[in-house]
Amino acid sequence: MTETTRPRAILPPGQRAIDFFPRFGRRIDQPPPTVPAHPTVTFGGAVAPPIEVPVDDLVGADRRVLDADFHCVAGWSVTGLRWEGVAFADVYRRYVAPALPPGTTVTHLMVRGLDGEHFLALLDDLLSDDVFLADRLDGRPLDGTHGAPLRLVNPAQYGYANIKHVCRVDALAGAPAAGPASLLERLLQSHPRARVWEEERHGTVPGRLVRPIYRAIKTVLLAKAGRGE
Ligand SMILES: Nc1nc2c(c(=O)[nH]1)N[C@H]1C(S)=C(S)[C@@H](COP(=O)(O)O)O[C@H]1N2
Ligand SMILES: [Mo]
């Protein structure tokens with residue numbers, strides 16, 4: 001197995017380390033989704049007709065190890081996680097690129113989880129060699145807590161870009177038009193790119209200015225996740 005090791009001596013701006021890895025996220029009020037007996041990932045969008053690949057096949061070859069830190073936009077980080085799985089770029093080259101109609105230029109990928117959570121990523125951000133589809137964490141199979149059967153891991157982007165329970169990836173030739181947004185959605189809009197070292201927390205307000213709001217959210221949600229600070 002090839003190892004991709006990117007230890008970081010310091011944390012990204014505005015982050016604080018915690019000593020456990022909570023179940024966290026937007027759907028924390030729901031139980032983790034049920035994983036089908038034979039889980040698959042469907043590649044669609046410009047890939048037409050879509051291709052449905054069993055997770056076992058997806059992670060069966062070219063397995064790699066990634067040592068990385070994990071950063072949630074709410075301000076907590078957990079250091080030194082060991083993920084195992086496959087590089088996203090390998091999956092893209094194996095399944096998506098060869099299935100595109102000639103002349104298609106993919107710019108974005110919509111990654112979806114079994115719980116309905118999704119993130120629209122730039123293709124270039126996902127082709128970095130430290131972006132994984134992981135099925136194991138710290139020597140054990142991924143469980144419902146952290147994204148079974150398969151999760152996207154991208155240490156350079158905040159947690160909300162690291163979609164758990166991945167079941168579908170749509171290749172898009174351009175960003176889809178944004179639907180109408182409510183006032184609340186506009187206030188809470190997360191940054192579309194979510195790069196941790198640039199502190200891209202919020203869509204319009206600079207990351208450092210929104211730290212206190214996210215910290216408050218963090219305190220409430222971490223308490224819900226089982227351990228306060
Ligand atoms: N499918 C799915 N993926 C998700 C989320 C979610 O609610 N559902 N929450 C995101 C957020 S905001 C964070 S911080 C991380 C939390 O990952 P963890 O539960 O493994 O700590 O998952 C991200 N990916
Ligand atoms: Mo998050």
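The values are calculated or read from the model by the stated rules, or taken from the named source; none is laboratory data. What you see is a predicted model, and the numbers here were worked out from it, not measured in a lab. Backbone-built Cβ (ideal geometry, glycine too); neighbour counts: all protein chains shown. Ligands, DNA and RNA are excluded from the accessible area calculation, which covers all protein heavy atoms including side chains. Shrake-Rupley method; radii C 1.70, N 1.55, O 1.52, S 1.80 Å.
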Just to be sure I understand the filter: pairs with C-beta atoms under 7 Å, separated by 6 or more residues or on different chains, first member in the stretch 33-51 and closer than 14 Å to Leu109 by Cβ, second member open to solvent by 50 Å² or more (accessible area, probe 1.4 Å) and assigned to a loop (DSSP other than H, G, I, E, B). Which pairs pass?
Thr42/Pro50; Phe43/Pro50; Gly44/Pro50; Ala46/Pro101; Ala46/Ala173
Residue under question is Ala171, and the condition is that it be farther than 27 Å from Gly85 by Cα and either assigned to a strand (DSSP E or B) or more than 19 Å from the chain's Cα centre (by Cα) (or both); does it hold?
no
Please give the strands (runs of 3 or more DSSP E) falling wholly within the stretch 87-154 in which 2 or more residues are modelled with pLDDT under 95 and closer than 18 Å to Leu58 by Cα.
none
Identify all residues within the stretch 35-84 that are away from ligand 1 (no atom under 13 Å from the Cβ), out of contact with any strand residue (DSSP E or B) (no Cβ under 8 Å at 6 or more places or on another chain) and either open to solvent by 60 Å² or more (accessible area, probe 1.4 Å) or closer than 25 Å to Ala17 by Cα (or both); write none if there are none.
Pro36, Ala37, Ala48, Pro49, Asp56, Asp57
Val78 is checked against (1) out of contact with any helix residue (DSSP H, G or I) (no Cβ under 8 Å at 6 or more places or on another chain); (2) more than 26 Å from Pro192 (Cβ to Cβ); (3) of a type in the set (Val, Ile, Thr) and fails just one. What number does that condition carry?
(2)
Only residues that are open to solvent by less than 20 Å² (accessible area, probe 1.4 Å), among the small types (Gly, Ala, Ser) and within 16 Å of ligand 1 (Cβ to nearest atom): list them for the stretch 156-186, please.
Gly159, Ala161
